[in-house]
Each structure stands twice: as C-alpha cells, then as structure tokens.
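Encoded as structure tokens, the structure appears first; notes follow it.
Values in this text are rule-based calculations from the coordinates and carry no lab data. All figures in this text were calculated on a predicted structure; none of them were measured in a lab. Virtual Cβ from ideal backbone geometry, glycine too; neighbours counted across all protein chains shown.
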C-alpha cells in the first residue's frame, strides 16, 4: 500500500495506486490489454512462477491496470493489500472456496444479498460447509469449535440493518475465526471495517466504487498474507478474473467516490425524511433516521448514513408494483450505487430465491421496495417518490405483475 498516512481520504482516492506510467510517462494509468507478459529468460520465468521474483506473467493472476485498482482499494480500506475479481460474487465465492473446508461452519448475521445466500445454500452446503444465521446478541454464545468464519454486510441488503462490527471482532478474537464484512453499501468513505477489528472486507465494486453502472467487478481487501493466498488459489484456480478495461473504469470511478457519496447521502437523507408520515408508507428503513433501531450504532460506525433506503408500503406486493410503475426518475432495475437512481422489489428480484421463512425472519416483505438514491437533484427525486406514493394511496387499480430477476 503506497499511501502516506498524512494524506486524507479524498487525496488517496485520486492519487494512490497510480502515477505516471514508467514506460511512456502517461498520466492516466494505461489499459494493459494483454493476456500474457514476456519474462525474457527461462530463469526469470521460473523465479516468477515460484514467487521468488516480482512481476507479471499472465493476466489471470495479475495485470498492471488491475494492480493499480487493488492498491487504491487497499489504501482506502486501510488494509495491507487487495485482490480484484470479475464480480462481487466472484470475490465472495473465491474467498469461501479458498478458506473453508468440509466440516467447517460459517456464522452469518443476516439478512444477506440473495446471491451470497444462494452460494452458502446451494454450493457450499452440499460440500459439508455448514451455515448458521445468528443475531448480534446471540453471536458470542453461538460460536462453536467448528466455526471458521463470521460473515456480515454493513449495512445489510435490503433492510439497512446495522451490525455491531466491534462486537463481531471481539467475539472472534483469539479463536482462529476470520471475520468478513461486505462493505458494498457503505463504501470505505463511510465505514472502514478493519478500524473496528474486522479481518477482511469485500465489495461488489459494480456498485458505488464504479459508480456509473457500466462495470461489473468485485474486490477483497485484507492482510497481505491472506490476499496472496486468495490470489494464488481463489483467483488462479476459480478464474473470476477482472479485465484491464474494467479496472480502468474502476480507477476512474473511485477518484470521484468522496464527492459522489456526499451527494448520495444528502439525497437519501432528504428523501427518508420527506416520506415519513406518508399514509402509503408503513415504515422507512434508513439508518440516518432517529427511529431506526440501530441509529446510534450507525452513528458510531459510519461517517454518514449512506445512499440506500427501503420503504415498507401498506398493501404488500400490489402496492409495491403500483409504486414502482409510477416512478419516472427512479429506473426499475437491480444493482445499486449508480449515479442514477434505481428502484427494485427485493422479494421478487434480488432476494427471490430466499426461503419464505428467511425473508420473513429478516423483514423482507412483499411490500418492501429498495431505493438506490442517485446524485440527481434531491428535490426532483423527492417529488417523484411522493407522486408515486400518492398514486398508490389513491389507486384501487389492479397491480401489474412484478418480474423476477437474479442480481
């Protein structure tokens, strides 16, 4: 990690991991669009493959453009190193497949993104890797001799629950248990889990890190020794490799992360306050509201409260469908963290494959709508949402059918 600690976050977001290209002097990091690299001699090739020399061999293992992005993320998260992947699920899969073995147990603090839940249920469980979902208060007593990992999101997708990172770290300390936090919703601008004792941070870099809805990527940040293992096994063997062009887009996106997150937070906070008390709304899930059950905890762990919120609508799925179909500035789409505002119905899209009992346990109801609040004019976004809510309240028309999705 190249960061000088006297430099603040916004400066590191622009500068770290990047500098004039040593070969050409190019100010912007070049796109090294190559599959392989010449190592010049048999002896050097052998040394590179054995790890006795540093350099690039093959873009499945490492690429200079991607390496610049990895170095930047390690700096922003405050970790020793980072390794990038072709998607967030590629990163999470590589992490778990590399580090967990049959008979191991992973404790999760839910809810989790539906893809992560599916990985645990459909891929890892048949190989004898057990998953137990526990609450924060139950976590210390839930740890067993088989527990090897504690996994959580902060905030959670889609209900914006806040888990106590310090409690998680303290529960695992001294027990040979790896703690992992998916920091996609908060980004390192708002929360840095390692500052609370968490070992490893994962991101769907598709979201706020990229920020413009034009790239799919993932990244893991953590101790150098662990990152080296993940690169050697999780990246090399699983093969979810991030391309050089995607890395270039991420480098460009992260430079504006601090500016974008401030606007996302401004707009989400105003929107959350603006819909409180609307007769169509049963609840507003946003950690910046004093009514949020973990508001105080969020204030300790987050610099601000983020750009994501969820609305619980009276009337269940029909009301959610009417609301979504009346929005004009919020695009109905999965994903999040885009400069453009997005809206989705988790029960029928991102979390459709969760068992109904799990959705109920984590309050992912048929009336829940998730909003990713963009950087448009905040007053326009609030007007759009209020008009859609008014239409829900006034309309008795039959709802359209909510479509299914996977991401």
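Observations, loosely collected:
- Checked against the criteria, residue 306 counts as closer than 11 Å to residue 155 by Cα and in a loop (DSSP other than H, G, I, E, B).
- When region 360-377 is filtered for residues that are assigned to a helix (DSSP H, G or I) and in contact (Cβ under 8 Å) with a residue 24 or more places away in the chain, only 361 remains.
- Filter result (over 20 Å from residue 273 (Cβ atoms), out of contact with any helix residue (DSSP H, G or I) (no Cβ under 6 Å at 6 or more places or on another chain) and surrounded by 23 or more Cβ atoms within 10 Å (Cβ to Cβ)) within region 302-327: 320, 321
- The set of residues in region 40-52 being more than 36 Å from the chain's Cα centre (by Cα) and part of a loop (DSSP other than H, G, I, E, B) consists of 40, 41.
- Odd one out for residue 118 among (1) more than 28 Å from residue 209 (Cα to Cα); (2) surrounded by fewer than 19 Cβ atoms within 10 Å (Cβ to Cβ): (1)
- Test: residue in region 313-328 that is part of a strand (DSSP E or B), over 23 Å from residue 189 (Cα atoms) and in contact (Cβ under 8 Å) with a residue 40 or more places away in the chain: yes
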